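Here the structure comes first, spelled out in structure tokens, and everything after it is commentary.
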Amino acid sequence: MTGGTAPPAQRFTTVLFDLGRVLLDWDPRYYYGQFFPDDAAGLERFVTQGVGSEFILAMDAGCPAATVIPERCQRFPEYAGLIARWPEGWPHMLRGPIAGTVDILRELKDRGTRLYALTNFSTETWPVARARFDFLHWFEDTIVSGEHRLVKPDPRIYALAIRRCRIAPASTVFIDDAPVNVAAGNTAGLTALLFETPEKLRMDLQYRGLLPA
């Protein structure tokens, strides 16, 4: 929330949510930590190299895990055994909901706010998450990157979300935990907010009139 300044003049009617690390507490460390007892540095090397963002984004862009994993194992043979565990380990990386943000989502829903989601998610793991958490059914529509072979921050996936969900960018707040995705959202004409904590998000939404102060 911006202190000491007047609230925005425009009226916001729509919220577009990211999911991972905004509503869903997901982290590869939750599963792979058991293989690095008392070796926090080794775990960080593995998470950033063996199963780093390039690896995850390839699957989020629609490439099957059965293709991505062998390629990654060849690139990082020292981690091959652990990388191969990705499919069986993925459900354990998804610890649960981020309760404070789910509370906000529920309040927005009860107030009649239009709710949509725009998420980088594999088509193979998205059904697992959607089956586990009822609140993922609260959105009018969810744009899943793997289904369209486009990942944030590609401008085309924002354009797709705006078009398919029939949202007006000027009256839409977009929430994401990655600064690069927030910047792309602003470029697309959305009012993009960087998610840090549920408490900060609540203040940001109150400031924009989407939740009562």
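Looking only at residues in the range 155-188 that are more than 15 Å from the chain's Cα centre (by Cα) and of a type in the set (S, T, N, Q), the one that is nearest to residue 16 (Cα to Cα) is 172. The residues listed here are 8, 37, 77, 70; of these, the one that is of a type outside the set (A, V, I, L, M), at pLDDT below 95 and over 18 Å from residue 121 (Cα atoms) is 8.
Hey, could you check the range 185-203 for residues that are among the polar types (S, T, N, Q) and not in a loop (DSSP other than H, G, I, E, B) and say which is nearest to residue 15 (Cα to Cα)? For the range 185-203, the residue satisfying everything is 191.
Name the one entry in 112, 42 that is more than 21 Å from the chain's Cα centre (by Cα) and closer than 30 Å to residue 206 by Cβ. Walk me through how you get there before you give the answer.
Details: 42 fails: closer than 30 Å to residue 206 by Cβ.
After applying the criteria, what remains is 112.
Condition check for residue 184 on (1) surrounded by fewer than 20 Cβ atoms within 10 Å (Cβ to Cβ); (2) among the small types (Gly, Ala, Ser); (3) closer than 30 Å to residue 68 by Cβ: one failure, at (1). The criterion of being in the same structural domain as residue 197 (by TED's automatic domain parsing), touching a residue at least 40 places away in the same chain (Cβ under 8 Å) and within 24 Å of residue 202 (Cβ to Cβ) holds for residue 161. A single member of 84, 65, 99 is of a type in the set (Gly, Ala, Ser), surrounded by 16 or more Cβ atoms within 10 Å (Cβ to Cβ) and touching a helix residue (DSSP H, G or I) at 6+ places or on another chain (Cβ under 9 Å), and it is 65.
Matching residues to (1) among the aromatic types (Phe, Trp, Tyr); (2) within 29 Å of residue 63 (Cβ to Cβ):
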{"site": "104", "(1), (2)": "no, no"}
{"site": "108", "(1), (2)": "no, no"}
{"site": "113", "(1), (2)": "no, no"}
{"site": "121", "(1), (2)": "yes, yes"}
{"site": "125", "(1), (2)": "no, yes"}
{"site": "129", "(1), (2)": "no, yes"}
{"site": "139", "(1), (2)": "yes, yes"}
{"site": "160", "(1), (2)": "no, yes"}
{"site": "172", "(1), (2)": "no, no"}
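The values are calculated or read from the model by the stated rules, or taken from the named source; none is laboratory data. All of these numbers come straight from a predicted model, not from anything done at the bench. Cβ atoms come from the backbone with ideal geometry, glycine included; neighbour counts cover every protein chain shown.
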